[in-house]
1. Name the single residue that is farthest from residue 318 (Cα to Cα) among those in the range 112-124 being touching a residue at least 12 places away in the same chain (Cβ under 8 Å) and surrounded by fewer than 24 Cβ atoms within 10 Å (Cβ to Cβ).
2. Those residues that are under 17 Å from residue 353 (Cβ atoms) and over 16 Å from the mean Cα position of the chain (by Cα), I need them from the range 184-202; list them, please.
3. Against the condition part of a loop (DSSP other than H, G, I, E, B), among the hydrophobic types (A, V, I, L, M, F, W, C), over 28 Å from residue 89 (Cα atoms) and over 19 Å from the mean Cα position of the chain (by Cα), how does residue 251 come out, does it pass?
4. Among the residues of the range 180-190, are any surrounded by fewer than 20 Cβ atoms within 10 Å (Cβ to Cβ), part of a loop (DSSP other than H, G, I, E, B) and hydroxyl-bearing (Ser, Thr, Tyr)?
5. Working only within the range 319-368, note down all residues that are in contact with a Lys or Arg (Cβ under 7 Å, 6 or more places away or on another chain) and among the β-branched types (Val, Ile, Thr).
6. Could you tell me whether any residue of the range 280-297 is in contact (Cβ under 8 Å) with a residue 12 or more places away in the chain and acidic (Asp, Glu)?
7. Please state which one of 40, 99, 58 is among the charged types (D, E, K, R), modelled with pLDDT of 95 or more and either assigned to a helix (DSSP H, G or I) or surrounded by 14 or more Cβ atoms within 10 Å (Cβ to Cβ) (or both).
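The values are calculated or read from the model by the stated rules, or taken from the named source; none is laboratory data. This is a predicted model, so every value here is computed, not measured. Neighbour counts run over all protein chains shown; Cβ positions are idealised from the backbone, glycine included.
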Amino acid sequence: MTVPLTLCKLIVKHRVKFDTLSLFHVFLRHVNFIIMMRIEREDSAVNRIRIRGGSKVEAQALERKAEMNRELKERLFQLKKERNAIILAHYYQRDEIQEVADFRGDSFLLAQKAASTDAETIVFCGVHFMGESAKILAPNKTVLIPDERAGCPMADMVNVDGLRKLKAQHPNAKVVTYINSSAEIKAETDICCTSSNAVKVINSVDADEIIWVPDKNLGHYVQQHTDKKLIIWEGYCNTHDMLTVKDVVEMKAKHPGAEFVVHPECRAEVVAMGDFVGSTTAILDYCKNSSAKEFIVGTEDGTGYQLRKDSPDKEFHFATKFLVCPNMKVNNLKKLIKCLETMQPQIYVPPAVADKARASLERMLQVK
């Protein structure tokens, strides 16, 4: 069961009614906050051990945890060899997942890697649509995901019936779909894109009118960099959309010398404040190569792992503590090992859907 499906059940159970998408946005933000707090408590208990009784007891607990992690990693490496597996991890994953990944990247880089790997088994540490994309691009591979509850609320904000109606209203428009979408939506799409290549993809399409789904914030950003008319679906990333102008202003006051780097999935008024705007990979590259020594980061906090790894001499402050994707954080080292032991859960995409979706993904990969 994915987190979005759980939300739907809560709505039915408690008879939550909403007549507009805006009210649903508010509800989703509250649920995201609750889930994030649960993750934070888990991290506090497991990954940031603070035991009363002195540093000696704490040190012993940390030593036991380190030994357990060593044993888990040894088991993981053994399973990888047995299963001829490759571990792909998104930059938003927990540190413990990124540490053991064979390849870390954003959606675009991971899609490229899935399409080109020689491994028989792909373990995709991300959210469900990413696993689907890997399976679509590598149909003969076994694709696993450590926790099938890792859904994407934004991907669930667009549905096939709604998209088909919009296509009927704009018969001359081409459909460009952000990769953060289901296989069924990709199958209704002319070409996919990621935040890394969205502008290039839009400008490569032979049409003056574009139906853009599902992220309104990224759509508004792209619209500023093209002469084409975008018909923008009203979806959004509930994590990036949480960042407000007030949050950024407060952080700038605390760190006046820091540059603000921001992902275009954030609100337009927040993106407008950025010293640099770009995809996850673009933000990582910019911070690594910049002469600046301090940054306020406006994207998911899992990027902190790669930021610190690339630039240990620089300071990174996330613009708010709420930049945590709860769906990305459901995967952990134990679940990763279990999925390789059981070879479950596996990603399945119906062949008819996969064939249509593959065309839109392959067109994206061909854009230079």
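1. Top of the filtered list is 120.
2. Listed by number, the residues that qualify are 184, 185, 186, 187, 188, 189, 190, 191.
3. no
4. no
5. Those that are in contact with a Lys or Arg (Cβ under 7 Å, 6 or more places away or on another chain) and among the β-branched types (Val, Ile, Thr): 330, 337, 347, 349, 367.
6. yes
7. One residue alone meets the criteria, 99.
Per-residue answers, yes or no, for (1) modelled with pLDDT under 95; (2) crowded, with 23+ Cβ neighbours inside 10 Å; (3) closer than 24 Å to residue 238 by Cα:
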site	(1), (2), (3)
318	no, no, yes
336	no, yes, no
342	no, no, no
359	no, no, no
